[in-house]
Amino acid sequence: MANGSLGKPTTILKPIASLRLAIHTAQTSALLYSASEIEVLDNDSLAAHPFLRKLGPDILDPDVTVQQVQQRLQDRRFARRQLGSLLLNQQFLGGLGNYLRSEILFVSRSQPAQRPQDLTPAQQQQLAEAILAVSRQSYQHNGITNDLQRVQQLKDQGFKRAAYRFWVFNRDGQPCYRCGQTIGKAIAGGRRYYFCPRCQGITL
Ligand SMILES: [Zn+2]
């Protein structure tokens, strides 16, 4: 890796992991290190793979719509699962991670103990919209899920990334950006979870 801007000699990184798979295009490369098992599949074998065929739609697939996510919330396989675990279930949707769970529940004003069947159709739609909008914004803006206008204001005021990146994740003890209430932290589905008690109607 070159470090030319500082005028220092090029740093040679020691290999700390073995390269197992490299996919190159004219513009970029995808490198996979240290994987113990690799399978390269075509569409037919992907559809037959015992684990991968169960994965839900990829949230970053631009063809996935709010309506499809809402239908999935109403699907019998998922409608009775608590949102706190459902949002981390890759069979529901592929690609949702732990920080997105807190951010999506906050933006849609939902609670981890609620199940899709507890929500009105309007609330289900609100949740489906938040699932796609928060995930896609995070992907396009380097992991930032907070309101982008607010992010710019906070940057202009000199705040660091840790202060403006999220609505609630990692912000326990700090004021909610919407209402000023203190952000709380709990464990849901075995993973840490952050919320605004007032915006989300959560009492501990
Ligand atoms: Zn709030």
Which pairs have Cβ atoms under 8 Å, sit 6 or more apart or on different chains, and link a residue in the range 178-204 that is farther than 14 Å from Q114 by Cβ to one that is within 9 Å of the ligand (Cβ to nearest atom) and aliphatic (A, V, I, L, M)? I183/V168; Y194/V168; Y194/I183; C196/V168; C196/I183
Please identify the pairs in which a residue from the range 89-105 that is surrounded by 21 or more Cβ atoms within 10 Å (Cβ to Cβ) has its Cβ atom under 6 Å from the Cβ atom of a residue that is of a type in the set (S, T, N, Q) and assigned to a loop (DSSP other than H, G, I, E, B), counting only partners at least 6 apart or on another chain. E103/T145
Which one is surrounded by the fewest Cβ atoms within 10 Å (Cβ to Cβ) among residues in the range 139-159 that are farther than 15 Å from D61 by Cβ and under 13 Å from the mean Cα position of the chain (by Cα)? N142
Flagged pairs (Cβ under 6 angstrom, 6 or more apart or on separate chains; first in the range 50-76, basic (K, R); second part of a helix (DSSP H, G or I)) are R53/A47
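Each row is one residue, and each column tells you yes or no for (1) at pLDDT 95 or above; (2) assigned to a loop (DSSP other than H, G, I, E, B); (3) in the same structural domain as Q140 (by TED's automatic domain parsing).
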site	(1), (2), (3)
R53	no, no, yes
Q67	yes, no, yes
R72	yes, no, yes
R76	yes, yes, yes
R80	yes, yes, yes
F106	yes, no, yes
R109	yes, yes, yes
May I ask you to verify whether A188 is in the same structural domain as R72 (by TED's automatic domain parsing), loosely packed, with under 13 Cβ neighbours inside 10 Å and more than 13 Å from the ligand (Cβ to nearest atom)? no
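The values are calculated or read from the model by the stated rules, or taken from the named source; none is laboratory data. What you see is a predicted model, and the numbers here were worked out from it, not measured in a lab. Backbone-built Cβ (ideal geometry, glycine too); neighbour counts: all protein chains shown.
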